[in-house]
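Q: The structure follows.
The values are calculated or read from the model by the stated rules, or taken from the named source; none is laboratory data. In this text, all values refer to a predicted model and were calculated from it rather than measured experimentally. Positions of Cβ are backbone-derived with ideal geometry, glycine not excepted, and every protein chain shown enters the neighbour counts. Note: accessible area is taken over every heavy atom of the protein model, side chains too, but ligands, DNA and RNA are not part of it. Shrake-Rupley method; radii C 1.70, N 1.55, O 1.52, S 1.80 Å.
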Amino acid sequence: MIDFDAYAKFSRPGPRYTSYPTALEFSQKFRYEEYVNELKAQAQETPLSLYFHMPFCRSACYFCGCNVIYTSKSEKMHRYLDYMNKEMQILSGIIDTSRVVTQMHFGGGTPTYYDADELDFHIKNIKKYFKNFAKDAEISCEIDPRFLNEEQLDVLVKHGFNRISYGVQDFNEKVQKVIHRVQPYEMTKNAIDLARQKGIKSINTDLIYGLPYQTLESFKETLRLALTLDVDRFAIFNYAHVPWIKKSMRKFDETTLPSPKVKLEILKFTHDFLTSNGYKMIGMDHYSKPTDELHAALENGTLHRNFQGYTTKGGADLIGIGLTSIGEGKRYYAQNFKDMPLYEKAIDEGILPFFKGILLNSEDLLRKDVIMGLMSNFRVDIKKIESKFNIDFFEHFAKSLKELEKLNDFVEISPEKISVTQTGTLLIRNIAMCFDEYMKKNLGDKKFSKTV
């Protein structure tokens, strides 16, 4: 059993470490020419991971922190597909698009806000440039069950999609109304049943705790209903209330948000409920069936974390395509423009819509290995790090290890490795922060959500 009271006091703002350095360090100091040179220098034998950001939604979900555009204009959405096609055309002149693709993900927004014909059109465009998909490629799509029909699923299955992530958040009607996302249980169940019938092998469901009017009892019922869906994975996110960043969150009456004590009770119950019903904790916020490949990857230390979450497909160069998309190479992160006119202007000029990023120095690369090892697999192989980077780990990270002492109850340190205890897994962000060289500068930054 996890002693939740033991770590509640450690709650503080901190990164979720989908990258290291985090996106706060991205800047225009990393120039376009440098980015293109990094792309050209990628090894032909290194596989590709493709991310397509499809930002359009019909209306706002007030809790959402994603980069979205609200529209009902189909011509605006189709125009965007044309521009992503042009972006891929420019990319094909810079990188070798014949490289093996091991992962592709459609994120949003609402990718299935596009109808079946538009999805088919977009995927055929992708495969004009990226023709070499691995037989075991992970091909996934985020789906809002409110915008899904059989024809759309037929298109996805025809093109090899094998993973789907359904946004649910909460099944309570009162909560759904106040977050502006009414989605009855039957609608979600029908969407999941349809995906199973079409042969989708892996289905994830997203839930969020910390939303207005949620109570421990109401979330227990949401979890009970969610369990009946028999999905392969759950992602259970802590709602990050940042109204100074996302205006839609200002619509919430903050007095209706559950208190930290209630959120802690919800988290404790969620963990106990899912693990007692056969799910295993995977990385941060995630649970999977023991038969899921994520569980095997965690056991053997090969789980990988990127901007799309957890995956078994590590070692690929991530290419972000579309508005705000982020790419990752061995020595860099790069992000596209967030503003549509600037995105289109760059593409019209025949250049990639690159906005900002960061070129990693040797210290960044070292700390990235340590932090992402912790975030993905809850451990660091000290001897491997020492050999790879030619350092004395305990000497180099003396300050980090000193800071880690306050978390001694949650980690086990030997000359060979750092291992996170079961209780420590729920404080993994705090543990990783001890090795973050940028944290002092960003301490207390309101752009970060609370770690607990």
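Q: Do we find that residue 41 is in the same structural domain as residue 156 (by the TED database), more than 25 Å from the chain's Cα centre (by Cα) and over 30 Å from residue 410 (Cβ atoms) in this structure?
A: Yes, satisfied.
Q: Does residue 109 satisfy the condition of being surrounded by fewer than 21 Cβ atoms within 10 Å (Cβ to Cβ) and either of a type in the set (S, T, N, Q) or in contact (Cβ under 8 Å) with a residue 24 or more places away in the chain (or both)?
A: no
Q: For the stretch 271-328, give me the residue count where each residue is in contact with a helix residue (DSSP H, G or I) (Cβ under 7 Å, 6 or more places away or on another chain), among the polar types (S, T, N, Q) and within 19 Å of residue 104 (Cα to Cα).
A: Residues that pass the stated criteria total 1.
Q: Taking the stretch 375-418, which residues are in a helix (DSSP H, G or I), modelled with pLDDT under 95 and of a type in the set (Lys, Arg)?
A: 406
Q: Right, here's the next one. Specify which of the listed residues (221, 186) is under 23 Å from residue 257 (Cβ atoms), open to solvent by 10 Å² or more (accessible area, probe 1.4 Å) and out of contact with any helix residue (DSSP H, G or I) (no Cβ under 8 Å at 6 or more places or on another chain).
A: Residue meeting the stated conditions: 221.
Q: Just checking, does the stretch 300-310 include any residue being part of a helix (DSSP H, G or I) and farther than 15 Å from residue 102 by Cα?
A: Yes, the stretch 300-310 has at least one match.
Q: Just for the stretch 91-116: of the residues that are among the β-branched types (Val, Ile, Thr) and in contact with a helix residue (DSSP H, G or I) (Cβ under 7 Å, 6 or more places away or on another chain), which one is farthest from residue 312 (Cα to Cα)?
A: Selected residue: 94.
Q: Could you pull out the residue among 225, 211 that is assigned by the TED database to the domain that holds residue 136, touching a Phe, Trp or Tyr at 6+ places or on another chain (Cβ under 8 Å) and not in a loop (DSSP other than H, G, I, E, B)?
A: 225
Q: Run down 275, 255, 270, 205 and say which single residue is assigned to a helix (DSSP H, G or I) and open to solvent by less than 10 Å² (accessible area, probe 1.4 Å).
A: None of the other options fit; the residue is 270.
Q: Out of everything in the stretch 339-374 that is in a loop (DSSP other than H, G, I, E, B) and at negative phi, what residue ends up being surrounded by the most Cβ atoms within 10 Å (Cβ to Cβ)?
A: 353
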